[in-house]
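Remarks on the structure that follows.
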Amino acid sequence: VFDDHWIRSLHVASMRREDLHGGHEPHVLFQASTIGALLDGAFDGDLTFAELAEHGDLGLGTVNALAGEMIALDGAFFLADVDGEVRSIGAEERTPFAVVTEFEPAIEATLAAGLDHDALLERLDALVPDGTASFAVRLDGHFESVRARSVPVQHPPYRPLADVVADQHVFELADVEGSMVGFRFPAYVEGIEVAGYHLHFISADRRRGGHVLGSRAGGELRARIDPSADLHVELPPAIDLADPDLAADTHAAIDAAEHAG
Ligand code: ZN
């Protein structure tokens, strides 16, 4: 049972866990719960990583108890802990928030060496056609530096995300080979998703990673982009899609939680 919404040019379909079926639909973004729920401290979800893997092989998010930053790459799921140390995530672990897609890039480009983070994001903006609602992106190459953060594992009763982020650790990965993966969503989905760019990094040796706050490329970067106009959201019990009017109210909270540091 799908509940369909059009939010301008993005088609948002919500469903309950019992209605989920194996996806593997190209160019569809699949999301577990909403960023609004995460902001409110809903840090335990019911979706397992085995289930999540049926809906995509690339993406980001977190795990139950908000024990770090999740990175999905080539169908493998990793967690960067509060200090950016990476481990594999087990199939039976669960997530309170994640976004994945069956990554089939339609756009490929080589980006000039040495881009700083703002220039990098501008280059990505320039690669997608006007009117692109959202897209998944993967960047591979050598980074002179990646400024990243992660969050400490939480214990109930949970605090709001904005309070947890005050305890985040910010760290710098220097001279590192790796991949940046994530999404760009339009401002009008805020409350459901993080508006703008949301990127997570993992090193090529799968030892270090986190939520990206900034970067500077070393060499050229290989950029791959998979545009999408479809977002499927699995809603946990008691969570509904945020009223679009809530977007403005949640803006400050999301900004504080996702771009802080
Ligand atoms: Zn993140």
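Values as computed for the structure displayed
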{"item": "Odd one out for Leu79 among (1) under 20 Å from Leu221 (Cα atoms); (2) assigned to a strand (DSSP E or B)", "result": "(1)"}
{"item": "Complete set of residues in the stretch 149-170 that are surrounded by 14 or more Cβ atoms within 10 Å (Cβ to Cβ) and of a type in the set (D, E, K, R)", "result": "Arg149, Arg159"}
{"item": "Per-region count, the stretch 50-66, residues surrounded by fewer than 21 Cβ atoms within 10 Å (Cβ to Cβ) and either farther than 17 Å from Leu199 by Cα or within 16 Å of the ligand (Cβ to nearest atom) (or both)", "result": "6"}
{"item": "Residue in the stretch 211-221 that is within 16 Å of the ligand (Cβ to nearest atom), on the phi < 0 side of the Ramachandran plot and either free of Cβ contacts under 8 Å to residues at least 60 places away in the same chain or of a type in the set (S, T, N, Q) (or both) present", "result": "yes"}
{"item": "Those residues of the stretch 174-188 which are farther than 11 Å from Ile254 by Cβ and more than 15 Å from the ligand (Cβ to nearest atom), in sequence order", "result": "Ala174, Asp175, Val176, Glu177, Gly178, Pro186, Tyr188"}
{"item": "All positions within the stretch 193-231 that are of a type in the set (A, V, I, L, M, F, W, C) and in contact with a Gly (Cβ under 7 Å, 6 or more places away or on another chain)", "result": "Leu199, Phe201, Ile202, Ala204, Leu213, Ala217, Leu221"}
{"item": "Listing of strands (runs of 3 or more DSSP E) fully contained in the stretch 90-174 that carry 2 or more residues being modelled with pLDDT of 95 or more, over 19 Å from the mean Cα position of the chain (by Cα) and of a type in the set (A, V, I, L, M, F, W, C)", "result": "107-111"}
{"item": "Candidates Ile225, Ile202, Ile239 - the one that is closer than 30 Å to Asp4 by Cα and either within 16 Å of the ligand (Cβ to nearest atom) or in a strand (DSSP E or B) (or both)", "result": "Ile225"}
{"item": "Residue in the stretch 118-128 that is surrounded by fewer than 20 Cβ atoms within 10 Å (Cβ to Cβ), of a type outside the set (S, T, N, Q) and touching a Pro at 6+ places or on another chain (Cβ under 9 Å) present", "result": "yes"}
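The values are calculated or read from the model by the stated rules, or taken from the named source; none is laboratory data. As the structure is a prediction and not an experimental result, all values here were calculated from the model. Neighbour counts run over all protein chains shown; Cβ positions are idealised from the backbone, glycine included.
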